[in-house]
Amino acid sequence: MKKIHLVGLGLLGGSFALAARQKFPELQVTGQDHNPQHLQDALDLGIITEAKSIPDADADLVILATPADTLGGLLIQTLDQIGSDTLVFDLGSTKSKLCSLVASHPKRSQYLAGHPIAGTEYSGPKAASATLLDRKVMILCELEKTDLHLKEKAYRLFDALNLKLRFMDPAEHDRHLAYVSHLSHLTSFMLGKTVLQKMEDEKNIFDMAGSGFSSTVRLAKSSPDMWAPIFIENKENILASLDGYIANLSAFREKIAAGDGEGLKKEMEEINAIRGILDFGK
């Protein structure tokens, strides 16, 4: 592997580049970003070796790491640009629309639909880390539609970065992510909003906020530029998950209003079963 091109030099794109350069010291990493400051930061931080608006004809990989609502047009444009020995993969949080969009593209076999389950509440090149992806899950969709030879290029990178591969159908991916990722970000934003509204009346409320509050609302610091498009792109699945969440909140509220302590305790004990599920994945 000699050349990688990145479009989008934020947290995920930057972390892929830093980790790749660490594992492959001779690797040339070119890139572009619509934000001039991000582009300059990526150069200063050694995320990329050169700024370029389009990938070289002999690039091995092109990684698309831009907001969800930009990926469709960008993917088509990139596939139209690349040579026959280049593989394109994206890092987007939604997969169904992208896979449908390129289903009949003449270079469909040069695309791999990917999603690394990694991130922090911070964004931009300065948040990127060479260790962010270590031992994280990388979900791949419609693997059978990607050229076997080109897939090997991606596998070599994924293996070097110590990523754990999982394979899913695009619709299954979007449905599951609505519950385990998208809903948690949405609820964190709304918890943050609720407390901020209360703060307008009671200025000292944050003096009483402990680690539980901080960990629960941490995701509310995430980038709106990234998350607003995700909520819209996956809105059918997110609305379904949100409806279930609201129904559970309403039922829990009714138990509190009724003074049903035993009912609350029983329900929380049942929910505690999630400990075993989460601990099993460690």
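The values are calculated or read from the model by the stated rules, or taken from the named source; none is laboratory data. Quick caveat, the model's predicted, so the values are computed rather than measured. Heads up, the Cβs are rebuilt from the backbone with ideal geometry, glycines too, and the neighbour counts pull from every protein chain shown.
For residues that are over 16 Å from the mean Cα position of the chain (by Cα) and surrounded by 15 or more Cβ atoms within 10 Å (Cβ to Cβ), tally how many sit in segment 159-173.
The number of residues fulfilling the criteria is 1.
Does L249 satisfy the condition of being closer than 20 Å to P67 by Cα, assigned to a helix (DSSP H, G or I) and either over 16 Å from the mean Cα position of the chain (by Cα) or at pLDDT below 95 (or both)?
Taking the combined requirement at face value, the residue does not satisfy it.
Mind checking which residues of segment 130-181 are among the aliphatic types (A, V, I, L, M), outside any loop (DSSP other than H, G, I, E, B) and more than 18 Å from S93 (Cα to Cα)?
Once the filter is applied, which keeps residues that are among the aliphatic types (A, V, I, L, M), outside any loop (DSSP other than H, G, I, E, B) and more than 18 Å from S93 (Cα to Cα), segment 130-181 yields L148, L150, A154, L157, A160.
Within segment 138-148, count every residue that is under 17 Å from I63 (Cα atoms) and either among the small types (G, A, S) or surrounded by fewer than 19 Cβ atoms within 10 Å (Cβ to Cβ) (or both).
Residues meeting the conditions: 2.
Quick one: would you say L39 is more than 22 Å from G114 (Cα to Cα), without any contact (Cβ under 8 Å) to a residue 40 or more places away in the chain and assigned by TED's automatic domain parsing to the domain that holds G119?
yes
Which of the residues that make up segment 70-91 are in contact (Cβ under 8 Å) with a residue 40 or more places away in the chain, surrounded by fewer than 16 Cβ atoms within 10 Å (Cβ to Cβ) and closer than 25 Å to P224 by Cα?
T70
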